[in-house]
Amino acid sequence: MKLSNIPQRYVIVFLTFLSTSVCYIERVGFSIAYTVAADAAGINQSSKGTILSTFFIGYACSQVPGGWAAQKIGGRKVLLMSFVLWSSTCFLVPLDPNRVGLLVFARLLVGVAQGFIFPSIHTVLAQWVPPHERSRLVSITTSGMYLGAALGMWLLPALVEFRGPESVFLAEALAGVVWSLLWIRYATDPPRSEHPKAAAAGFGGALLPTNVNHHHKVTHIPWKKIMLSLPVWAIVVNNFTFHYALYVLMNWLPTYFELGLKVSLQGMDSSKMVPYLNMFVFSIVGGFIADYLITKRILSVTRTRKFLNTVGFLVASAALMALPQFRTSNGVILCSSVALGFLALGRAGFAVNHMDIAPRYAGIVMGVSNTAGTLAGIIGVDLTGKLLEASKLIYSDLSHPESWRVVFFIPGLLCIFSTVVFLLFSTGERIFD
């Protein structure tokens, strides 16, 4: 199969879109399969929260190293290595809730491997995507996360029901292998062009790894400037909030349906995938809106990022805080769809901003901010388990709406705080050469 008639940057975007889809199928899949296996084994909610959050510990440890490795070795190679590692782990390790040590080790290893993925993707996209296409093509890539989550919510409960929880691991490993073969076959580095417009705009071959680019001296990474930059911290804070909300919903919505509403995921129709499909659509729409506002000069890059970030996070905040008031599966799906959809819209603000302010170091800045997002997963997923265990002591079970109020109010309030931070400190201007 030849793809010579398709511009290579679109091939790269499509492949990175598939990579994020596969990664989130894995994450949702583990949550679904482990929830079923753990409930059958009588594991309590606090212990479940600990296991579910173990992935994020490994994920947090490899974010900044992932950005560094992508900068030095090349995002294309690092992305492939990470896929091979996590796919192999899924294939080799059995899903047994009673073998806690082995399961913790496996989830740590998968987390470390997947931690290299997004810094590598942002490094690759910074090399291939010109600024006037940046919002929509990056949004298309990241929208794969939500399509993957939607497909996981739709297909994997049935797979668990008919083939058992272990089958999910095997399906995920197979998907990882197939993607790796496609990446080997079709992915390339950009040509080492010194076109002045490309270099000035901050993309193309000038951003290839410095140790193999004979036209440039080895570049010193400005770690201190990155870590002390207020625009970087604006991205970091919003990444933390986005992932806190996303990971709490992704990991605990199955429990909310099963124990909060007494509704079986296996018995629900395809409506359970709607929240993630909504994220998929809103993520792409947000990217196209951003590029339209910028290219038509309706708003500056800075104002575009702030506008979409503010609208997305404030609407999501309202929906999150309203969610525990809904006591039917359709009501929860509607409310979580609004929350996740507008969070995805907000990504056209903070999540593309890495490439605005630091195209050469996009993978490194992404690694720094995604470390915060991963810490949100560790804190949010584990804290939610402990909050629910405490609620059981007060309300006797988790079907009472008050049992879940604090769980959803925390990310709602974080959204408001993050909006203020981004309005005050973010910029769309390039601040790192």
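Largest accessible area first, the residues Ser300, Ser53 order themselves as Ser300, Ser53 under a 1.4 Å probe with ligands, DNA and RNA left out.
Taking the Cβ of Ala322 as the centre, find all other residues whose Cβ is under 15 Å away and add up their charges (Lys, Arg: +1; Asp, Glu: -1).
Numbers: positive: Arg327, Arg405; negative: Glu402.
With Lys, Arg at +1 and Asp, Glu at -1, the neighbours total +1.
Write down the Kirkwood hydrodynamic radius of the chain, to one decimal in angstroms, obtained as one divided by the mean of 1/r over all alpha carbon pairs.
Hydrodynamic radius (Kirkwood, Cα pairs) of the chain is 21.6 Å.
Taking 19 Å as the straight-line reach from the Cα of Lys306, the aspartates and glutamates in range (excluding those fewer than 8 positions away in the same chain) are Glu133, Asp291, Asp356, Glu429.
Before anything else, pin down the relative contact order of the chain: Cα pairs under 8 Å, at least 6 apart, normalised by residue count, whole percent. If you can, show how the numbers build up before the last one.
Working: 782 pairs, mean separation 110.5, N = 433.
It comes to 26 percent, rounded to a whole number.
Length gained on full extension, Lys262 to Arg185, computed as 0.36 nm times the residue gap minus the Cα-Cα distance: 23.0 nm.
Of Ile221, Ile117, Ile12, which has the largest mean-square fluctuation in a 10 Å C-alpha GNM of the chain? Greatest mean-square fluctuation among the candidates belongs to Ile221. For Glu258, Glu172, the ranking by accessible surface with the largest value first comes to Glu258, Glu172, using a 1.4 Å probe.
In the context of the full protein assembly, Leu423 retains an accessible surface of approximately 80 Å², using a probe radius of 1.4 Å and ignoring ligands and nucleic acids.
Using a probe radius of 1.4 angstrom, the carbon and sulfur fraction of the accessible surface of region 220-261 is 75%. Between region 354-405 and region 109-136, the C-alpha centres lie 22 angstrom from each other. If you take the Cα centroid of region 243-317 and the Cα centroid of region 12-51, the two points sit 18 Å apart.
Among residues other than Ile294 with Cβ under 11 Å from its Cβ, the summed charge is +3 (Lys and Arg +1, Asp and Glu -1). Only alpha carbons enter this Debye calculation for region 1-134, each as an equal point scatterer, and the log10 of I(q)/I(0) it gives at q = 0.10, 0.13, 0.19 Å⁻¹ is -0.39, -0.61, -1.04.
Summing Lys and Arg as +1 and Asp and Glu as -1 over all other residues whose Cβ lies under 15 Å from the Cβ of Gly367 gives a net charge of +2. Taking all protein chains as they are arranged and a probe of 1.4 Å, the heavy atoms of Val368 leave approximately 20 Å² accessible to solvent.
Among Gly29, Gly385, Gly164, the largest mean-square fluctuation in a Gaussian network model of the chain, built with springs joining Cα atoms closer than 10 Å, belongs to Gly164.
At 1.4 Å probe size, put Tyr186, Tyr10 in order of accessible surface, largest to smallest.
Tyr10, Tyr186
Maximal additional length on extending the Arg297-Trp223 stretch stands at 23.3 nm, based on 0.36 nm per residue less the C-alpha distance. Pairs of Cα atoms nearer than 8 Å and 6+ residues apart set the relative contact order; for region 1-187 it is 41 percent.
The values are calculated or read from the model by the stated rules, or taken from the named source; none is laboratory data. Just so we're clear, the structure is a prediction, and the values are computed from it rather than from any experiment. Reconstructed Cβ throughout: ideal geometry from the backbone, glycine too, with neighbour counts over all protein chains shown. Only protein heavy atoms, including side chains, enter the accessible area calculation; ligands, DNA and RNA are left aside. Shrake-Rupley method; radii C 1.70, N 1.55, O 1.52, S 1.80 Å.
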